[in-house]
Amino acid sequence: MNLHELIERDPERAGGVAVFTGTLIPVAVLFEFLNDDQTMETFLDQFPAVSRDQARGVLGASRDLLLTLQKNLKS
């Protein structure tokens, strides 16, 4: 899945924050859960509208973006 399939952002929905596609669940909530030492399982249990593939895809895309930024900073 590419990022556009995983995340949507619409000023008319959810105040324009990035949400998991097909839901009103902000992507930031996943990062808050993980930052608070909660597991992805806990997140998925509490937000069943988000699929495991969506959550893993967002984490993977975030990792790739950060690695690209890191590489560009070194150049």
field: Output for the range 25-75, where each listed residue is more than 21 Å from D10 (Cβ to Cβ) and polar (S, T, N, Q)
entry: N35, Q38, T39, T42, Q46, T68, Q70, N72, S75
query: Given L73, L30, which one is open to solvent by less than 70 Å² (accessible area, probe 1.4 Å) and on the phi < 0 side of the Ramachandran plot?
result: L30
task: Within the range 48-70, count every residue that is part of a loop (DSSP other than H, G, I, E, B), open to solvent by 50 Å² or more (accessible area, probe 1.4 Å) and in contact (Cβ under 8 Å) with a residue 12 or more places away in the chain.
output: 1
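The values are calculated or read from the model by the stated rules, or taken from the named source; none is laboratory data. Remember, predicted model here, so these are calculated numbers, not experimental data. Backbone-built Cβ (ideal geometry, glycine too); neighbour counts: all protein chains shown. For accessibility, only protein heavy atoms count, side chains too; no ligands or nucleic acids. Shrake-Rupley method; radii C 1.70, N 1.55, O 1.52, S 1.80 Å.
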